[in-house]
Amino acid sequence: MRIAITGTPGTGKTTVSRILSKKLSYPVYSLSELVKREKLYSEFDERRNSYVVDIEKLKGFFKGKENFIAEGLVSHYIPVDLIVVLRAKPETIRERLKERNYSKEKVEENVEAERIGFIATEVFEGSGKARVVQIDTTRRTPEEVAGLIGRALKGEEVFDDVDWLEDEEGGN
Ligand SMILES: Nc1ncnc2c1ncn2[C@@H]1O[C@H](COP(=O)(O)OP(=O)(O)O)[C@@H](O)[C@H]1O
Ligand SMILES: [Mg+2]
């Protein structure tokens, strides 16, 4: 089973992937590290201080691999069987990212990306043959989130409806 865990930074991808990896005995590939180690990038973006992932090289790395968890915000570009989109309330993203050495600008950029559902929209618009599961991690522990993914793998339908913009309109 090939699993991609994607979502805005701070949604819990790395934490949940480690728990799931133990449950399933699958290796986890953390894409930010993998891209650097295997040079799966096209260039270095000086302004963003990050590598630009070469999607074709990334796909090439996973070609022929059967059982794995790929976690990272470009993991949904890899051909997989299941895509897990993790979500969290924008203010929760802000809280979780405060503990990182990100600039205020970078934190707010990610808060905004989650607010509008940037990654989720990318996934829903083109997930290929993969099944898509969406989980709101706001009020769940990482263990609970991993448990839900386990249930999805057994065939249960797991899908949280998330629309932060609509919630704002409703005054929540
Ligand atoms: N379900 C959760 N509930 C509460 N805190 C979480 C949850 N998942 C992750 N966290 C915390 O949020 C922060 C970001 O988690 P991390 O796994 O690094 O996210 P990502 O890899 O998506 O950027 C960490 O401090 C982590 O402990
Ligand atoms: Mg991470």
Overall form of region 93-143 per C-alpha gyration tensor (a/c, 1.5; a/b vs b/c) = oblate
Between Thr137 and residues 5 or more places away or on another chain, the pairs with built amide H atoms under 5 Å apart involve Arg87, Ala88
At a Cα cut-off below 13 Å, give the aspartates and glutamates reachable from Lys39, other chains included and same-chain residues fewer than 8 away excluded.
-> Asp54, Glu56
On a C-alpha basis, how far is the centre of region 115-151 from the centre of region 152-172 in Å? Whole number, if you could?
-> 9 Å
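Which links in Lys23/Lys154; Lys36/Lys89; Lys13/Lys89 stretch past 19 Å when you go from one Cα to the other?
Working: Lys23/Lys154 13 Å; Lys36/Lys89 30 Å; Lys13/Lys89 15 Å.
Over 19 Å apart, Cα to Cα: Lys36/Lys89.
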Quickly estimate the mean residue ellipticity at 222 nm for the chain, helices only: each DSSP H run with n ≥ 4 gives -39500 (n - 2.57), and the total goes over all residues, rounded to 500.
-> -12500 deg cm²/dmol
Non-local residues with an amide H under 5 Å from the amide H of Val132, with H modelled 1.01 Å from N and Pro and chain starts lacking one, are Ile83
Sequence ranges 117-125, 153-161, 1-9, ranked by mean other-Cβ count within 10 angstrom, highest first | 1-9, 117-125, 153-161
Under the Karplus relation with 6.51, -1.76 and 1.60 and θ = phi - 60°, whole-Hz ³J(HN,Hα) for region 117-127, x at Gly and Pro, equal x, 4, 5, 4, 4, 4, 5, 5, 7, x, 9
Radius of gyration and Dmax for region 38-102's Cα atoms, expressed in Å?
-> 14.7, 39
Give or take rounding to whole Å, what are the principal axis extents of the alpha carbon atoms in the chain, in descending order?
-> 48, 44, 29
For region 86-124 the trypsin sites (Lys or Arg not before Pro) that pass both the DSSP coil test and the at-most-14 other-Cβ-within-10 Å test are Arg100
Student exercise, the chain dipole from Lys, Arg, Asp, Glu Cβ charges, in Debye to nearest 20 | 1020 debye
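Computed from the coordinates by the stated procedures, all read-outs in this text should not be read as laboratory data. Remember, it's a predicted structure, so these values are computed and weren't measured experimentally. When we count neighbours, we look across all protein chains shown, and the Cβ atoms used for this are built from the backbone with ideal geometry, even at glycine.
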